[in-house]
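K.L.:
This structure is in structure tokens; I'll ask about it shortly.
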Amino acid sequence: MRRGVTEEESMAYKVVITARYFTNDPTPLDYLRAHQCELVESGYGGDRDDRELSEEETIRLLQGVDALIAGGVKVTRRVLEAADRLKIVARRGVGFDSVDLQAATERGIVVTITPGAITNSVADFTFGLMIAVARKIPVADRAIREGKWPVLMGTELWKKTLGIIGLGRIGKAVAKRARGFDMQILAYDIVQDEAFAQQYGVRYVSLEELLQSADFVSINAPLSSTTTHLIDARALRMMKPTAFLINTARGGLVDEKALIQALQEK
């Protein structure tokens, strides 16, 4: 045993990695090994993600483990109570909705996320989807693969009105990109950053005004008990018949049954 440390501290910390692609780069793995960590083989973390792990599988995986580097696996109260040595759940990505924070707090387990890691990627993807649906790129792609050459009339993003629901890191990155298309930018958020709004020409409005005015609605809000089904049947009815809804946040923000019904009624 090393002088000045307990027997427990002299042992390697056992770390399970289940987050997709985390193990593809040896750099973070070498860093962990160099800092007294033993990597426990999980069968996940390469090209496989942990989303398919059941609660029972997660419990078995975390026996005698100090740390979990996770993707989208559900870390429930039952999982946490069974993880006798677990000290930290480090999530790749944003959002705490897959972890029972109350149970983690009660057991003194630290939960972390990587809020800045995917900001630009998601903002780029958001604009990629906006361009794709506006210019009918998926429709044209399918038609050409079937040997058809239809003349499709899309719509421009130029000077259109973009409504951003949730002007956090990703929402702000989307707004910055919208400036390049000379779009009018509306935003709805319970926390308002007036300095950013003034700098980038964003106007804060109510959710109702945003839905009624926007040609494109981008959802970039976190999922919580208060935002679940934020876009419900009533919200969908407020939108322009020609508007596009882009959700690059959690699926639970949109009432899918109401969305299907709204599309079927178009």
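K.L.:
Which condition number does residue 52 fail, the rest of (1) surrounded by 13 or more Cβ atoms within 10 Å (Cβ to Cβ); (2) outside any helix (DSSP H, G or I) being met?
P.N.:
(1)
K.L.:
Being more than 30 Å from residue 211 (Cα to Cα), touching a residue at least 60 places away in the same chain (Cβ under 8 Å) and surrounded by 15 or more Cβ atoms within 10 Å (Cβ to Cβ): is that true of residue 85 here?
P.N.:
Spelling it out, it is not the case that residue 85 is more than 30 Å from residue 211 (Cα to Cα), touching a residue at least 60 places away in the same chain (Cβ under 8 Å) and surrounded by 15 or more Cβ atoms within 10 Å (Cβ to Cβ).
K.L.:
How many residues are in contact with a Phe, Trp or Tyr (Cβ under 9 Å, 6 or more places away or on another chain) and not aliphatic (A, V, I, L, M) when one looks only at region 233-255? Even if it seems obvious, please write down each step before you answer.
P.N.:
First, pick out the residues of region 233-255 that are in contact with a Phe, Trp or Tyr (Cβ under 9 Å, 6 or more places away or on another chain): 243-246, 248.
Then drop every residue that is not not aliphatic (A, V, I, L, M), which leaves 244, 248.
Residues in region 233-255 being in contact with a Phe, Trp or Tyr (Cβ under 9 Å, 6 or more places away or on another chain) and not aliphatic (A, V, I, L, M): 2 in total.
K.L.:
Which residue out of 84, 100, 66, 47 is within 20 Å of the chain's Cα centre (by Cα), at pLDDT 90 or above and not basic (Lys, Arg)?
P.N.:
100
K.L.:
Name the pairs: first residue in region 58-81 and in the same structural domain as residue 41 (by TED's automatic domain parsing) and at positive phi, second residue surrounded by fewer than 22 Cβ atoms within 10 Å (Cβ to Cβ) and in a strand (DSSP E or B), Cβ to Cβ under 9 Å, at least 6 apart or on different chains?
P.N.:
Listed by first residue and then by second, the contacts come to 64/14; 64/40.
K.L.:
Turning to a different aspect of this structure: Looking only at region 14-41, which residues are within 20 Å of residue 81 (Cα to Cα) and either part of a loop (DSSP other than H, G, I, E, B) or in contact (Cβ under 8 Å) with a residue 60 or more places away in the chain (or both)?
P.N.:
14, 18, listed by residue number.
K.L.:
Still on this structure, I have one more. Which one of 116, 154 is more than 25 Å from the chain's Cα centre (by Cα) and in a loop (DSSP other than H, G, I, E, B)?
P.N.:
Testing whether each residue is more than 25 Å from the chain's Cα centre (by Cα) and in a loop (DSSP other than H, G, I, E, B) leaves just 154.
The values are calculated or read from the model by the stated rules, or taken from the named source; none is laboratory data. On a predicted model such as this, the values are computed, not experimentally measured, just so you know. Ideal geometry is used to build each Cβ from the backbone, glycine not excepted, and the neighbour counts take in all protein chains shown.
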